[in-house]
Amino acid sequence: MRRVAFFGLGAMGAPMAARLAGTGAAVAPFERDPAALARWRESHAGGGFGVPEADVVVTCVTDEAAFAALAPQVLGELSRGALWIDHTTASPATARELAERCADAGAGFVDAPVSGGPEGAASGALVVMAGGDAVDVARARPVLDAYAARIVHLGPPGSGQLAKLANQVAIAGTVRGLAEAVALARAGGVGVAALLDALG
């Protein structure tokens with residue numbers, strides 16, 4: 001049975017880890033928030049192993065600062081031949097650096113930020129934007145398939161994070177455009193509810 005050390009049981013990580021456990025994988029949870037860890041253990045058996053024994057390490061933490069604090073621990077314990085899949089939204093440079101350091105240690109690394117929110121995580125409908133060596137991305141697919149509907153390999157390490165940045169730019173532009181549309185409608189006396197009904 002595949003052994004997965006899963007770091008981060010927040011709004012995204014908890015349902016992702018639960019879906020992974022549902023495939024029969026042995027999942028060892030790691031989480032800074034004791035309450036989140038307790039909720040997980042109420043519903044799932046503990047993995048009983050750590051990073052050195054894991055075939056795969058998955059990280060899905062809040063932000064790049066949390067990821068930077070966690071990365072040295074994972075790097076220091078990652079076993080030769082293991083695979084690290086990172087879902088944290090971080091910089092492409094960070095992903096490229098970690099991929100190099102993992103390669104030096106004889107391990108694989110895939111930067112795999114996601115889109116789809118907690119609902120997508122719970123329903124297995126996430127989109128994964130993957131960066132990494134083709135062999136490592138192929139190795140990651142059985143894990144990613146547990147919670148993703150689409151997995152797009154975008155290129156070498158860092159490409160997934162770059163795609164996520166592009167995704168965020170597109171979303172921000174769309175939100176700004178909708179805000180301008182609402183302001184225009186209000187200025188001209190058109191009701192916002194009616195406008196949204198028409199646009200929808």
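The values are calculated or read from the model by the stated rules, or taken from the named source; none is laboratory data. Note that the structure is a prediction, hence the values are computed from the model and not measured. As a convention, Cβ positions derive from the backbone with ideal geometry for all residues, glycine included, and neighbour counts pool all protein chains shown. When the accessible area is computed, the model is the full protein with side chains, heavy atoms only, and any ligands, DNA or RNA have been set aside. Shrake-Rupley method; radii C 1.70, N 1.55, O 1.52, S 1.80 Å.
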Probe 1.4 Å, protein heavy atoms only - accessible area per residue of the range 1-145 in square angstrom: 43
Using only the alpha-carbon atoms, how far is helix 64-77 inclined from the longest principal axis of the chain? Give it as 0 to 90 degrees, nearest 10. 20
Using Rg and Dmax of the Cα atoms in Å as the read-out, say which of [x] 19.0, 65; [y] 18.0, 58; [z] 19.4, 73 was calculated from these coordinates. [x]
How much length is gained if the chain between GLU119 and ARG141 is pulled fully straight, taking 0.36 nm per residue apart and subtracting their Cα-Cα distance, in nm to one decimal? 5.9 nm
Helix 13-22 sits off the longest principal axis of the Cα atoms of the chain, rounded to the nearest 10 on a 0 to 90 degree scale, by 60
Tell me, in nm to one decimal, what length is gained between ALA198 and ARG2 on full extension, where the rule is 0.36 nm per residue of separation less the Cα-Cα distance? 65.6 nm
Rounding to the nearest 10 and keeping the result within 0 to 90°, find how far the Cα-based axis of helix 34-43 lies from the longest principal axis of the chain. 80
Give the longest segment of the chain that steers clear of trypsin sites (Lys or Arg not before Pro) in DSSP loops with at most 16 neighbouring Cβ atoms within 10 Å, not counting the sites themselves. 81-200
How large a share of the accessible area of the range 1-143, in percent, is made up of carbon and sulfur atoms when the probe is 1.4 Å and the other protein chains stay in place? 53
Gaussian network model of the chain, springs between alpha carbon atoms under 10 Å - residue of LEU165, LEU75, LEU178 with greatest fluctuation: LEU178
